[in-house]
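Presented below is the structure to which this report refers.
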Amino acid sequence: MTTSLQLALIAGALIGLGLSMLVWRFRPAQVDLATALDRLSPDRSLARPDEEGDLDASGDSTDRLGRWAMRALPLDSLGAPPYRELALMRIPVHRFYGEKVVFAILGAIMPVLLMLVASFFGLGLPWIFTPVLAVAGAVGMFFLPDYNVKDDAKAARKEFGRALASYIDLVALERNSGSGPRQAMEIAANIGDSWVFRRLAEELSRSRWSGLPPWDALRKLSDELGLPELADLADIMRLSGEEGAQVYQTLRSRSQSMRTAELNSALAEANATGERMSIPMSALGLIFMAILVTPSVLQIIGA
């Protein structure tokens, strides 16, 4: 049964939570610079109010929950979201926050359900542990999407690097056949059908319509996604476009160095995996040795 001390602890926790929410409402706002500049950009500032309302109403429940969380919860005090990883995975910030809130709700509900199941089988713990476990589960699950996004972005960067090496070879072949810098980059981007080639083709097409040089567009994409290899390609193509330099050998050397680095990384990962696999084998050998030696040791001790 719930004692008066447990009730007092729960009441105190609820009062402290309420006071902290009131204090948060009156504290000075900490505006995130990237979000503020995005809201002040021409595309956002020229949007009509009815379009903004439609944008807020669009999406599924996760998107709407994320927009509500960005308006109502002190998310800026928890640090900035991983913008580069989200941009690479093409996940909107409001959807990312929506997933975090959904995971937090699940983390808060799961301990309560486990306590109910345990009490049904007669293994229930004191109910004072329920709010503690619920808060711990909500906090732990709230930060789980951060790990998922960073892990997926790490795999996507590896895939981008492998595809970029092939793209650089295609650009070099197009330049060697007499195509101009922009034409070579656009033709090479339209050859492949992977998401990397489609992303490059979209960026190059956008730069054509906006009048931006293609190497500046790739440089901007490199800074946005955190891809230094793409910045190197942009610098090489800048030399070709602005100074008329012959970059065929430079591009081939760059793609070869990227493949060599990828091969070395794969070999290092394979060696690390092999070392991890040797640990259970060694442990198994020690167990067999212990089984063989134990009878003799017991006889010596008994003697």
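Which residue pairs have Cβ atoms under 7 Å apart, sit 6 or more places apart or on different chains, and have a first residue in the stretch 123-137 that is closer than 13 Å to Ile109 by Cα and a second that is among the small types (Gly, Ala, Ser) and modelled with pLDDT under 80? That search, which allows pairs on different chains as well, returns Pro131/Ala13. Within the stretch 137-157, being over 30 Å from Glu229 (Cβ atoms) and surrounded by 14 or more Cβ atoms within 10 Å (Cβ to Cβ) holds for Gly137, Ala138, Met141, Phe142. Considering each residue of the stretch 263-277 in turn, at least one proves to be closer than 28 Å to Glu186 by Cα, surrounded by fewer than 18 Cβ atoms within 10 Å (Cβ to Cβ) and out of contact with any Cys (no Cβ under 9 Å at 6 or more places or on another chain).
Inside the stretch 176-195, can you point out the residues that are among the aliphatic types (A, V, I, L, M) and buried (at least 21 other Cβ atoms within 10 Å of the Cβ)? Once the filter is applied, which keeps residues that are among the aliphatic types (A, V, I, L, M) and buried (at least 21 other Cβ atoms within 10 Å of the Cβ), the stretch 176-195 yields Ala184, Met185, Ala188, Ala189.
On the given criteria, is Leu173 among the hydrophobic types (A, V, I, L, M, F, W, C) and either under 30 Å from the mean Cα position of the chain (by Cα) or surrounded by fewer than 14 Cβ atoms within 10 Å (Cβ to Cβ) (or both)? In short, no. The set of residues in the stretch 114-146 being hydrophobic (A, V, I, L, M, F, W, C), under 23 Å from Leu65 (Cα atoms) and in a helix (DSSP H, G or I) consists of Ala134, Val135, Ala136, Ala138, Val139, Met141, Phe142, Leu144.
In a residue-by-residue description of the stretch 172-189, the property of being of a type in the set (S, T, N, Q), touching a Gly at 6+ places or on another chain (Cβ under 8 Å), part of a helix (DSSP H, G or I) and in contact (Cβ under 8 Å) with a residue 12 or more places away in the chain applies to no position.
The helices (runs of 4 or more DSSP H) found wholly in the stretch 192-286 and carrying at least 2 residues that are over 26 Å from Tyr83 (Cβ atoms) occupy 228-242. Per the listing Ser207, Ser240, the residue uniquely buried (at least 16 other Cβ atoms within 10 Å of the Cβ), of a type in the set (S, T, N, Q), more than 16 Å from Val171 (Cα to Cα) and in the same structural domain as Arg162 (by TED's automatic domain parsing) is Ser207.
The values are calculated or read from the model by the stated rules, or taken from the named source; none is laboratory data. In this text, all values refer to a predicted model and were calculated from it rather than measured experimentally. Here Cβ is always computed from backbone atoms with ideal geometry, including for glycine, and neighbour counts include all displayed protein chains.
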